[in-house]
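Here is the structure we will look at, set down as structure tokens.
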Amino acid sequence: MPSVKAWKNGDPAAPSFPESFELLKKAVLQVTDIKTNRNKYYAIELHQAAGSFRVFTHYGRTDDLETNPDAGAKESRFFLDGLEATACYEQIFREKTSPKKGYKEVSLASSKIGSQKARGASVGEVDAKTVAKIAEGNKDKPPPKVSSLPPDIQELVSYIYAEATNALTSTVAAKITANGIETPLGVLTIGQIERGEVILQDLYRLFQASSRNRSEMERLSGEFYTCVPHRIGRTRSAIAEAVIDSMEDFQQKQETLQLMKDMLSVDGDASGGSVLFDSKVDAQYEALRCELAPIEKKNPIYREMEELILRSQIKTKTIAVRNIYTVMRSDEWEAYDGKIGNERLLLHGSRIKNWVGLLSRGILLPKIVVSMGVNRTDAGWLGNGIYFGDAACTSAFYTTAGKKGTRFMAVARVALGKMREYTKITYGLNEPPPGYDSCHGVRHTPKTPSQFADDEYVVYRTNRQRIEALVEFTN
């Protein structure tokens with residue numbers, strides 16, 4: 001179709017258009033291209049009012065929206081015929097999403113760009129989980145009430161939520177608002193994050209190939225950031241460094257996506273608004289779907305568990321236990337299968353940002369195998385399983401300290417059954433060998449040469465373990 005004049009927003013010579021109009025169609029597009037240092041957005045809308053039509057566009061660099069939500073250029077194209085206006089809208093959409101331009105449509109629970117009428121509304125294909133979350137958030141909120149939780153639990157819950165929130169917003173180009181995880185373009189949907197996971201898996205398969213295509217890795221990295229905006233900088237060197245091309249990168253991105261899903265999950269399941277934004281500790285606690293209770297230090301159970309932790313330090317003696325809490329996720333306890341026997345209390349350490357997720361949904365089997373050489377968490381030398389240790393100093397290695405200077409590790413009951421012992425690293429396991437229930441990487445000693453520096457116990461079914469306590473400590 002012939003080109004149509006695009007009038008800049010605010011141009012006094014532009015045709016008039018009613019302030020009250022109907023929003024017929026809308027789309028938000030985004031592109032991050034590593035090679036060309038592009039990180040741009042493009043919103044397109046079709047408006048109708050009193051027999052007139054308008055194609056409205058808003059575009060610019062995504063980085064600029066963080067400091068100025070009204071940044072970018074806004075233009076309008078005017079029509080008297082609805083078919084011509086629709087054809088113009090679709091032509092722009094096709095042009096921007098063509099291989100040459102490379103824009104991808106983004107799904108948002110609440111848009112922050114475009115016309116004032118489009119802002120605050122969903123855009124793109126909004127998945128059922130997000131629709132349910134929006135519906136839950138629209139319910140009447142109950143009046144605030146004084147917390148009925150013990151002070152120790154209030155402090156614990158506030159602490160782990162704050163650490164998870166800070167970790168997320170310092171990595172992703174987002175902030176936590178009453179609406180959820182809000183990027184410069186708008187509030188992300190769960191489906192948008194899951195699309196990011198698919199791209200990351202495609203990128204990982206390419207990374208594993210014997211002959212890696214650097215150009216394709218750059219392209220897929222750009223697609224990942226297009227799908228889930230990150231803080232990657234504006235310079236060419238910063239963009240180049242953002243290419244996802246190491247095991248450490250894959251682990252970090254996978255953890256970030258899981259953290260986002262965990263945070264959206266707890267936020268959507270709580271009643272009375274956004275638990276991430278409002279910081280209502282009772283709602284945050286309820287969203288964990290997990291019973292927590294402090295164990296008093298004079299309680300024999302506390303002393304017994306503290307002794308278990310301190311006695312298990314085989315390499316260092318630096319751990320000091322500060323608090324111990326009982327943990328019970330009813331679903332996990334009901335699903336637990338200890339019939340195979342050989343039950344042991346073992347330890348599992350994790351970064352402080354992960355504990356909202358770990359307490360709310362339990363320990364997950366890993367999606368991406370991460371080698372021992374790269375700060376692994378729950379996957380490593382014996383394949384895709386859930387890893388535990390019997391030495392507190394080893395589990396502490398996988399923890400990080402929060403603002404209070406304390407860390408966390410879980411005490412879990414693990415049904416090991418018949419263990420297959422290994423002294424050599426064996427990658428790629430998805431289950432123990434036939435006739436066995438678990439795997440044991442045997443710690444190296446002068447009498448038992450082994451490639452494992454510490455004892456590692458691995459189960460390959462989530463119902464073979466359950467978290468029973470959470471230990472807060474310094475190291």
Checklist outcome for this item: Counted residues in the range 73-107 being closer than 20 Å to residue 40 by Cα and either of a type in the set (Gly, Ala, Ser) or assigned by TED's automatic domain parsing to the domain that holds residue 195 (or both) come to 5
Next on the checklist: Restricting to the range 75-118, name every residue that is free of Cβ contacts under 8 Å to residues at least 60 places away in the same chain, more than 20 Å from residue 220 (Cα to Cα) and not aliphatic (A, V, I, L, M).
Outcome noted: 81, 82, 90, 94, 95, 116
Item to check | All positions within the range 61-98 that are of a type in the set (Val, Ile, Thr) and either in contact with a helix residue (DSSP H, G or I) (Cβ under 7 Å, 6 or more places away or on another chain) or surrounded by 14 or more Cβ atoms within 10 Å (Cβ to Cβ) (or both) | outcome: 62, 86, 92, 97
Next on the checklist: Among the listed residues 309, 295, 314, identify the single one that is more than 21 Å from the chain's Cα centre (by Cα), at pLDDT 85 or above and surrounded by 22 or more Cβ atoms within 10 Å (Cβ to Cβ).
Outcome noted: 309
Next on the checklist: Quick check on the range 148-166: of everything there that is surrounded by fewer than 21 Cβ atoms within 10 Å (Cβ to Cβ) and not polar (S, T, N, Q), which residue is farthest from residue 62 (Cα to Cα)?
Outcome noted: 150
Item to check | Single unsatisfied condition, residue 249 versus (1) under 15 Å from residue 36 (Cβ atoms); (2) surrounded by 15 or more Cβ atoms within 10 Å (Cβ to Cβ); (3) out of contact with any Phe, Trp or Tyr (no Cβ under 8 Å at 6 or more places or on another chain); (4) modelled with pLDDT of 85 or more | outcome: (1)
Checklist entry - Do we have any residue at all in the range 400-413 that's in a loop (DSSP other than H, G, I, E, B) and either acidic (Asp, Glu) or over 22 Å from residue 358 (Cβ atoms) (or both)? => result no
Item to check | Pairs, first within 16 Å of residue 262 (Cα to Cα) in the range 191-205, second in a helix (DSSP H, G or I) and among the β-branched types (Val, Ile, Thr), C-beta under 8 Å, six or more apart | outcome: 191/130
Checklist entry - Is it the case that some residue within the range 34-42 is surrounded by fewer than 21 Cβ atoms within 10 Å (Cβ to Cβ), at pLDDT 95 or above and in contact with a strand residue (DSSP E or B) (Cβ under 6 Å, 6 or more places away or on another chain)? => result no
Item to check | Flag if residue 155 is modelled with pLDDT of 90 or more and under 15 Å from the mean Cα position of the chain (by Cα) | outcome: no
Item to check | One residue from 380, 349 being farther than 30 Å from residue 158 by Cβ and either small (Gly, Ala, Ser) or at pLDDT 95 or above (or both) | outcome: 380
Checklist outcome for this item: Those residues of the range 208-239 that are among the small types (Gly, Ala, Ser) and under 14 Å from residue 30 (Cα atoms) come to a total of 2
Next on the checklist: Let me confirm something: among 339, 253, 315, which residue is closer than 30 Å to residue 202 by Cα, basic (Lys, Arg) and touching a residue at least 12 places away in the same chain (Cβ under 8 Å)?
Outcome noted: 253
Next on the checklist: Among the residues of the range 135-143, are any of a type in the set (Asp, Glu), outside the structural domain of residue 400 (by TED's automatic domain parsing) and modelled with pLDDT of 90 or more?
Outcome noted: no
Checklist entry - In the range 231-264, how many residues are of a type in the set (A, V, I, L, M, F, W, C) and in contact with a strand residue (DSSP E or B) (Cβ under 7 Å, 6 or more places away or on another chain)? => result 3
Checklist entry - Of all residues in the range 383-405, how many are surrounded by fewer than 18 Cβ atoms within 10 Å (Cβ to Cβ) and touching a Phe, Trp or Tyr at 6+ places or on another chain (Cβ under 9 Å)? => result 2
Checklist entry - Which fully enclosed strands (runs of 3 or more DSSP E) of the range 418-475 have 3 or more residues being crowded, with 20+ Cβ neighbours inside 10 Å? => result 438-441, 456-459, 465-474
Checklist outcome for this item: Of the residues in the range 187-241 that are among the polar types (S, T, N, Q) and within 21 Å of the chain's Cα centre (by Cα), the one that is nearest to residue 172 (Cα to Cα) is 226
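The values are calculated or read from the model by the stated rules, or taken from the named source; none is laboratory data. Here the structure is a predicted model, which is why all the values come from computation and not from measurement. Counting neighbours? That spans all protein chains shown, and the Cβs are built from the backbone with ideal geometry, glycine included.
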